[in-house]
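Accompanying notes for the structure given below.
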Amino acid sequence: MRKVRWSWIVLAGFLGECVAILFLIGLRRLHGYPASSPAPLSPLGSAAFQFELFAVMALFGWWVARKATALPVLNGTLVGVAAVLIYEILAFGQPVPRDSFYFLAHGLKICGGAAGGWLAGGRGRMAFSGSGLCLALACCCTTTALAQKNGPDPIIGTWKLNLSKSQLPQLPGLPKEQTETYREASPGRIELALSRLSGDGVPANVTLVWPSTGGVVEYQQGSGPKGELLIETLVAPGEWLVTYMQDGRQYGTLRKVVSADGKTMRETFKGTVQGQSLEIAVVVDRQ
């Protein structure tokens, strides 16, 4: 395997992974998230990150393979593999979700490195350039389409708690009445006015706002526990994921999904509160 440039492959994989991490941190900052936030990116942010992974690994794969005496595609592919292994070493012991996005990201690294090696080998260079241009145009069209807003999000409106369809454990502080009113507060922002009455008769009213593309939640009326941070992530129109963090550590998530007919919304909380693992399913009806 003397034709494989091992040291350069490891260096290129490391540099490529560093670029990917810095790019991801920048995307999280644009979303209003902390740098280490586990909250998922918006559809537009995910598309941008995936394109960056492929493009950067193609660049570093080409950089290594262009001076290889033979096997340029193998050299380029190994750059992507090295980046994957370096990520796994860095993420060892961390609560990294092994979901479809995780496997797609690793696949894009390897495919990007292989594409760079193929280009460096000089085979099909014109075809590669043409397909690369088509790919770039397709990504631009896709991200532009994702960025366009086709009317208000389906979550906009007033919703009331349906106790008969909800699954609430017998815990103090949980609501017996609740009204959620979502509206477009200003261009690019969503407001939630939340009014609830707990099972022991204590009323509470809060008003929250966040970017319509997802981001850090701000209290306009009322307040949350000291050190708590809420992050709203737009998964898809009518589907939101709220990440709950306390002193920089995630302790729960709330997934809100509007039904296909737009008449109901299911809110599912999963997390650990006061050392107790909880899963709460709430159904609210559109008014």
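The values are calculated or read from the model by the stated rules, or taken from the named source; none is laboratory data. All of these numbers come straight from a predicted model, not from anything done at the bench. No Cβ is skipped: glycine too gets one built from the backbone with ideal geometry, and neighbour counts run over all protein chains shown.
If you scan region 266-287, which residues turn out to be in contact with a Gly (Cβ under 8 Å, 6 or more places away or on another chain) and within 18 Å of Ile190 (Cβ to Cβ)?
Arg286, Gln287
Can you name every residue in region 211-228 that is in a strand (DSSP E or B), within 21 Å of Val284 (Cβ to Cβ) and touching a residue at least 60 places away in the same chain (Cβ under 8 Å)?
Gly214
Taking the options Thr243, Thr181, Thr268, name whichever one is at pLDDT 90 or above, farther than 26 Å from Ser46 by Cα and β-branched (Val, Ile, Thr). Talk me through it step by step, then tell me what you get.
Numbers: Thr243 fails: farther than 26 Å from Ser46 by Cα; Thr268 fails: farther than 26 Å from Ser46 by Cα.
Sole residue among the options that is at pLDDT 90 or above, farther than 26 Å from Ser46 by Cα and β-branched (Val, Ile, Thr): Thr181.
Does Leu254 satisfy the condition of being under 29 Å from Ala35 (Cα atoms), assigned to a strand (DSSP E or B) and either in contact (Cβ under 8 Å) with a residue 24 or more places away in the chain or over 16 Å from the mean Cα position of the chain (by Cα) (or both)?
Details: under 29 Å from Ala35 (Cα atoms): yes; assigned to a strand (DSSP E or B): yes; either in contact (Cβ under 8 Å) with a residue 24 or more places away in the chain or over 16 Å from the mean Cα position of the chain (by Cα) (or both): no.
Judged against the criteria, Leu254 is not a match.
Out of region 257-278, which residues are touching a residue at least 24 places away in the same chain (Cβ under 8 Å) and either surrounded by fewer than 16 Cβ atoms within 10 Å (Cβ to Cβ) or in contact with a helix residue (DSSP H, G or I) (Cβ under 7 Å, 6 or more places away or on another chain) (or both)? Talk me through it step by step, then tell me what you get.
Going residue by residue through region 257-278, those that are touching a residue at least 24 places away in the same chain (Cβ under 8 Å) are 258, 262, 264-265, 271, 278.
Within region 257-278, Gly262, Leu278 meet the criteria.
So, Ala193, is that one surrounded by 15 or more Cβ atoms within 10 Å (Cβ to Cβ), assigned to a strand (DSSP E or B) and free of Cβ contacts under 8 Å to residues at least 40 places away in the same chain or not?
Yes.
What's the total number of residues in region 60-75 that are surrounded by fewer than 18 Cβ atoms within 10 Å (Cβ to Cβ), aliphatic (A, V, I, L, M) and more than 12 Å from Ala114 (Cβ to Cβ)?
Qualifying residue count for the region: 1.
Scan Thr233, Thr181, Thr207 and give me the residue that is within 22 Å of Val258 (Cβ to Cβ), among the polar types (S, T, N, Q), without any contact (Cβ under 8 Å) to a residue 24 or more places away in the chain and not in a helix (DSSP H, G or I).
Details: Thr233 fails: without any contact (Cβ under 8 Å) to a residue 24 or more places away in the chain; Thr181 fails: without any contact (Cβ under 8 Å) to a residue 24 or more places away in the chain.
Step by step, each of Thr233, Thr181, Thr207 is checked, and only Thr207 is within 22 Å of Val258 (Cβ to Cβ), among the polar types (S, T, N, Q), without any contact (Cβ under 8 Å) to a residue 24 or more places away in the chain and not in a helix (DSSP H, G or I).
Just name the residue that is farthest from the chain's Cα centre (by Cα) out of those in region 202-232 that are loosely packed, with under 12 Cβ neighbours inside 10 Å and within 20 Å of Asp247 (Cα to Cα).
Ranking the qualifying residues of region 202-232, first place goes to Gly222.
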